Amino acid sequence: MTAVLEGLAESEVAERIALGQVNDVPATPSRTVREIVRSNVLTRFNALLGALLVVILVVGPIQDALFGGVLVANTLVGIVQELRAKRKLDKLEVLTAPKARVLRGGSVRELSVPSVVLDDVLELRPGDQVVVDGEVLEAGGLEIDESLLTGEAEPVEKHLGDEVLSGSFVSAGSGRYRATRVGHEAYAARLAEDARRFTLTRSELRSGIDTILRLVTWAIVPTAILLVISQLRASGTVRDALRGAVAGTVAMVPEGLVLLTSVAFAVGVVRLARRKVLVQELPAVEGLARVDVLCIDKTGTLTEGRLAIEQVEVLAGGEDHDAALAALAASEPHPNATLRAIGEEFPRTPEGWEEATATVPFSSARTWSAASFGSRGTWILGAPDVLLRSGIAGADEIARSAEQHAEAGRRVVLLARAGGSLDGEGLPADMTPVALVVLGDRVREDAAKTLAYFEKQDVAVKVISGDHPQTVAAIAARLGAQGADRAVDARDLPEDQAKLAAELDDHSIFGRVTPQQKRSMVNALRSRGHVVAMTGDGVNDVLALKDADIGIAMGSGASATRAVAQLVLLDSTFDPLPTVVAEGRRVLGNIERTSNLYVTKTVYAMLIALGVGVLGLPFPFLPRHLSLIGGLTIGIPSFFLALAPNAERARPGFLRRVLRFTVPAGALAAVATFLGYVLVRDEAGVSLVQARTAATMVLCWIGFLVLSIIAAPLTRPRMVLVWSMAGAFIVAMLVPGSRTFFALSPPPLLVWLAAFGIAALVWSFARLFLPPDRPVGPGVGLSS
């Protein structure tokens, strides 16, 4: 008993620290610096391009090694961006790290979880996470939610001597327990590590990009061999053959695609962090773009979650109602929002009311609480529709009154009295209604604007609450939510998933929803192909948050919700959600845009290489030519496009859409370039340098046309981007020093115009081949 009252002494804590019996599992909110550097440097394409760079440095002039500078710059940008994101995430993670209330030397202290040692005595309150495994020493109606461990939704009541496991949460009651397993031995160590890893996990986007890179890897090797053989036969020297083969191989590598994906994700995380949104898993940024259903609770989301008593409607025989309410509030050491509001209204217990002899704490499953006060009898506080039984005098009239208050958007609880003492956790049989307590919750100022945003963005909002349906509907109606006139009582919902999904498609406002039903509703929506985001702040939201595609927790909510959610709204307001969804759409939409640029380059480079290899011609480009083309038509524009605004909701089929655009676009570019090169090369008096210059011009023109399509709709900033890149190419062609550096020698004017005509003629067929569902906005070309 001494351990329960006092906890460990400082000397005992020091002894356990010396023995290593501490909860010293390192937190892993993000990748380490070493992992970030290694992942950006040691890639298959860095290895390939690095080897090609070595070849060029040996056989060619330094100008042909320009792609090496791009390689180094890309790697450095990736490292810097991820390090910035890591610092921001680590800093914000500290704000939401769970705390442990530990009893030491007779006083309770709030410590970080790693400071807990073996045999520490820890306090538990509703919503707390069990941070280490232990044995119960005290329990006052203690109920533990072990759903994350066992999958069972029903809370488990814990008594003296029972075991509690880390990774579970307190759903009701309070207690103390002694730590029996800490550190790597405790379940929480593995749970925390899995929940907070900073990584790009498998997703449709990542899977599509990986497929593209895998196909490119397989195609590069035989194409490179073909190029080496053909260039040896065409040029006759090893040096020129290697330069041509390197040029063709480098062009096939979409070296910036993976980098831009990582940078776009990292920048998205940092932008959200500035809005006080903590992203605990990078894939959540992609998931945000795909969300088409948002499930929200009323309390804490649409409203501020702070209740205040608006009215107490005294019923027959309710002369002691104020004293009873004060006593009930005082008897609960860890009151819920309703009891806190009652305690603020009735702060002092009148004389003559002895300490409660028995209590039943509130739980979301029971929807009532009770306490016995000796000769004063037993008093019960709970939902009217649960406490009012048939046979109670005036039950129908009381129910109608409660219904009227609920329809006005208020929360109503019934105070009832019973003779005798509590027997277990069942409702007494002889209850007498005493008073209706009417409480109100303040609506958040910006909630209406937020709901209007989601409606405009075609995101269906489902209000799912444990409150009375009419209470929820009234709040929703005040905010202009869709379907507020057709609220549904969740107790009438079918259990069959298909039927439940149909109800969810037809209705938007649900009341009296249990924690298990929230989970079932999320799964039913997902069964119909919806991408579901779920917000929550209480323990009763944990199951649904865990099963949703995107779990969004309030920063001021229970540590349980923050532990399982991918996103945490640190300011605990609904307002940042439009920014959250918009950021996800921006990231995913722009990655798809830039993927079109890089894969188009891979397609035309591979086709040109195959054409040159089969016909045995000298390769139409030097490596520096392709560095110039790639930088102006892809590399520089892609970084601007990857960070541009984009509000279009993501659609499935990323890889199919990218290939439907890039294969015909790349083929057109290859045909135009190859025709221009061959025709100019066969012209009398035209040198190989001039023929390569003509091919460079044609491919650049085609590249700018592709860029204009992908950048559409061409707003003024995007027009400036496209034309500035075209202007930079003209400067490179006209300035003597630049021409020398890039080995450019413009052919005769007539040949130049012929090359331009070939590009224009080939591209005039673009609309016949490019797919109509390409993922860009309205308008095609520079004139849009």
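The values are calculated or read from the model by the stated rules, or taken from the named source; none is laboratory data. Just so it is clear, the model here is predicted, and its values are computed rather than measured. Because the Cβ atoms are built from the backbone with ideal geometry, glycine has one as well, and the counts that use them run over all protein chains shown. When the accessible area is computed, the model is the full protein with side chains, heavy atoms only, and any ligands, DNA or RNA have been set aside. Shrake-Rupley method; radii C 1.70, N 1.55, O 1.52, S 1.80 Å.
One table, with the values for the structure above:
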read-out: Hits in segment 153-186 (condition: over 24 Å from Ser369 (Cα atoms), among the hydrophobic types (A, V, I, L, M, F, W, C) and open to solvent by 20 Å² or more (accessible area, probe 1.4 Å)); value: Leu165
read-out: Unmet requirement for Ala711, which otherwise passes all of (1) crowded, with 19+ Cβ neighbours inside 10 Å; (2) under 22 Å from Gly685 (Cβ atoms); value: (2)
read-out: Residues located in segment 358-373, provided they are of a type outside the set (A, V, I, L, M, F, W, C) and modelled with pLDDT under 85; value: Pro361, Ser363, Ser364, Arg366, Thr367
read-out: For Asp682: the one exception among (1) under 25 Å from Leu617 (Cβ atoms); (2) in contact (Cβ under 8 Å) with a residue 60 or more places away in the chain; value: (2)
read-out: Conditions (1) touching a helix residue (DSSP H, G or I) at 6+ places or on another chain (Cβ under 7 Å); (2) part of a helix (DSSP H, G or I); (3) of a type in the set (Val, Ile, Thr): number failed by Thr338; value: (1)
read-out: Some residue of segment 352-372 being open to solvent by less than 60 Å² (accessible area, probe 1.4 Å), within 16 Å of Pro433 (Cβ to Cβ), assigned to a loop (DSSP other than H, G, I, E, B) and not hydroxyl-bearing (Ser, Thr, Tyr); value: no
read-out: Subset tally (residues that are surrounded by fewer than 22 Cβ atoms within 10 Å (Cβ to Cβ) and closer than 17 Å to Asp489 by Cβ) for segment 388-408; value: 6
read-out: Any hit, segment 632-654, residues being assigned to a helix (DSSP H, G or I), touching a Phe, Trp or Tyr at 6+ places or on another chain (Cβ under 6 Å) and either among the hydrophobic types (A, V, I, L, M, F, W, C) or open to solvent by 50 Å² or more (accessible area, probe 1.4 Å) (or both); value: yes
read-out: Unmet criterion (only one of (1) open to solvent by 20 Å² or more (accessible area, probe 1.4 Å); (2) charged (D, E, K, R); (3) over 20 Å from Glu407 (Cα atoms)) for Lys518; value: (1)
read-out: Hits in segment 681-702 (condition: open to solvent by 10 Å² or more (accessible area, probe 1.4 Å) and in a helix (DSSP H, G or I)); value: Arg681, Leu688, Val689, Gln690, Arg692, Trp701
read-out: Residue match in segment 688-705 (condition: of a type outside the set (A, V, I, L, M) and more than 20 Å from Leu626 (Cβ to Cβ)); value: no
read-out: Pick from segment 502-515, criterion more than 20 Å from Ala406 (Cα to Cα) and modelled with pLDDT of 90 or more, ranking: surrounded by the fewest Cβ atoms within 10 Å (Cβ to Cβ); value: Asp506
read-out: Residue tally, condition open to solvent by 40 Å² or more (accessible area, probe 1.4 Å), under 16 Å from Trp368 (Cα atoms) and out of contact with any Phe, Trp or Tyr (no Cβ under 6 Å at 6 or more places or on another chain), over segment 336-347; value: 1
read-out: Answer from Asp485, Asp505 - the residue that is in a loop (DSSP other than H, G, I, E, B) and farther than 30 Å from Gly167 by Cβ; value: Asp485
read-out: Selection from segment 405-440 of residues that are within 18 Å of Ser375 (Cβ to Cβ), among the small types (Gly, Ala, Ser) and not in a loop (DSSP other than H, G, I, E, B); value: Ala416, Ala418
read-out: So Leu734, is it loosely packed, with under 12 Cβ neighbours inside 10 Å and aliphatic (A, V, I, L, M); value: yes
read-out: Segment 308-321, subset acidic (Asp, Glu) and in a loop (DSSP other than H, G, I, E, B), residue most open to solvent (accessible area, probe 1.4 Å); value: Glu319
read-out: Of all residues making up segment 441-454, the number that are at pLDDT below 80 and under 11 Å from Ile475 (Cβ atoms); value: 4
read-out: Contacts under 7 angstrom Cβ, first residue in segment 167-179 being within 15 Å of Glu135 (Cα to Cα) and part of a loop (DSSP other than H, G, I, E, B), partner aliphatic (A, V, I, L, M) and open to solvent by 10 Å² or more (accessible area, probe 1.4 Å), 6 or more apart; value: Gly167/Leu148; Gly167/Leu149; Gly167/Ala188; Gly167/Leu191
read-out: Verdict on Ala533 being small (Gly, Ala, Ser), at pLDDT 80 or above and surrounded by 23 or more Cβ atoms within 10 Å (Cβ to Cβ); value: yes
read-out: Number of positions in segment 212-235 that are open to solvent by less than 60 Å² (accessible area, probe 1.4 Å) and either farther than 21 Å from Ala47 by Cα or touching a strand residue (DSSP E or B) at 6+ places or on another chain (Cβ under 6 Å) (or both); value: 4
read-out: Helices (runs of 4 or more DSSP H) completely within segment 203-288 that count 1 or more residues being of a type in the set (Ser, Thr, Tyr) and at pLDDT 75 or above; value: 204-235, 238-252
read-out: Options Lys546, Lys499; residue that is over 29 Å from Ala408 (Cα atoms), open to solvent by 30 Å² or more (accessible area, probe 1.4 Å) and modelled with pLDDT under 85; value: Lys546
read-out: Matching entry among Val671, Val678 (being surrounded by fewer than 24 Cβ atoms within 10 Å (Cβ to Cβ), among the β-branched types (Val, Ile, Thr), out of contact with any Cys (no Cβ under 7 Å at 6 or more places or on another chain) and at pLDDT 85 or above); value: Val671
read-out: Number of positions in segment 458-478 that are over 24 Å from Thr514 (Cβ atoms) and open to solvent by less than 40 Å² (accessible area, probe 1.4 Å); value: 1
read-out: Any chance Ala324 is surrounded by 19 or more Cβ atoms within 10 Å (Cβ to Cβ), within 22 Å of Ile392 (Cβ to Cβ) and at pLDDT 85 or above; value: yes
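Residue-by-condition table, conditions (1) open to solvent by 10 Å² or more (accessible area, probe 1.4 Å); (2) not in a helix (DSSP H, G or I):
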residue	(1), (2)
Ser572	yes, yes
Asp575	yes, yes
Val580	no, no
Ala605	no, no
Leu610	yes, no
Val614	yes, no
Leu617	yes, yes
Arg624	yes, no
